[in-house]
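The values are calculated or read from the model by the stated rules, or taken from the named source; none is laboratory data. Nothing here was measured: the structure is a model prediction, and the numbers come from that model. Virtual Cβ from ideal backbone geometry, glycine too; neighbours counted across all protein chains shown. Side chains are part of the model used for accessible areas, which takes the heavy atoms of the whole protein and leaves out ligands, DNA and RNA. Shrake-Rupley method; radii C 1.70, N 1.55, O 1.52, S 1.80 Å.
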Amino acid sequence: MSNFRYSICEPANPQIIEKGRIDSSEIMTIFKTFQWKQKLEESERLKEVYFSPSLEFENLTNKNGIAISAIGKPDNYEFYIFYKRPKTRKTWFGLSSKLDQNYLSELWNQNENDTTEILKALLDNNLSFLEEKFSK
């Protein structure tokens, strides 16, 4: 099982909470038990919101990571998902290329099933699925 790290962003906290290393077998449980609705309720009561409720998981071996944020009303929210990975990009009119260690793509309007599927692909190291999903 791959080693991962994870972090949490909370609405009332201006600091990202770095939780450290985690085994991949724990990640789905963390996602499923995270209090998305309660954190969104908290956001509605705050005068200043620092972050949308968010979780980030990164594979320490290949530096691929997923950040998941909940957006919307507590009773009707969706997930925005950000996929970070090293990726070679063409530069200067395609005549050269450069490795971007933190290339980022995003998907909006994802439901819990979509998000679970994407997270599972990260855990299974199914990078071709992730590339296809985030290239649309």
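Observations, loosely collected:
- Alpha-carbon radius of gyration plus Dmax, which is the widest Cα pair, for the chain in Å: 15.8, 52
- Amide proton proximity set for LEU60, modelled H, under 5 Å, gap of 5+: ASN3, PHE4, ARG5
- Simple spin-label estimate for ASN102 and GLU78 in nanometres, 7 Å along Cα-Cβ: 2.7 nm
- Dipole magnitude of segment 72-136 about its Cα centre (Cβ charges: Lys, Arg +1; Asp, Glu -1), debye to nearest 20: 500 debye
- Relative contact order [Cα under 8 Å, 6+ residues apart], segment 1-57, whole percent: 49 percent
- For segment 1-54 versus segment 90-136, the inter-centroid distance based on Cα atoms is 21 Å.
- For the chain, the relative contact order works out to 19 percent when only alpha carbon pairs closer than 8 Å and six or more residues apart are counted.
- The long axis of helix 112-123 is offset from the longest Cα principal axis of the chain by roughly 50 degrees.
- Residue range of the chain that is longest and free of chymotrypsin sites (Phe, Trp or Tyr not before Pro) which are both DSSP loop and sparsely packed (at most 16 other C-beta within 10 Å): 94-136
- Residues of type lysines that LYS47 reaches as a straight line, Cα spacing below 29 Å, ignoring anything fewer than 8 places off in the same chain: LYS19, LYS32, LYS37, LYS39, LYS73
- Portion, in percent, of the accessible area of segment 13-136 that falls on carbon or sulfur, probe 1.4 Å: 48 percent
- Partner aspartates and glutamates for LYS63 [C-alpha distance under 20 Å; skip if fewer than 8 residues away on the same chain]: GLU18, ASP23, GLU26, ASP100, GLU106, GLU117, ASP124, GLU131, GLU132
- Amide N proximity, segment 61-82 versus ASN125 label position 7 Å along Cα-to-Cβ, cut-off under 11 Å: 61-63
- Cα-centred dipole magnitude for the chain, charges only on beta-carbon of K, R (+1) and D, E (-1), debye, nearest 20: 520 debye
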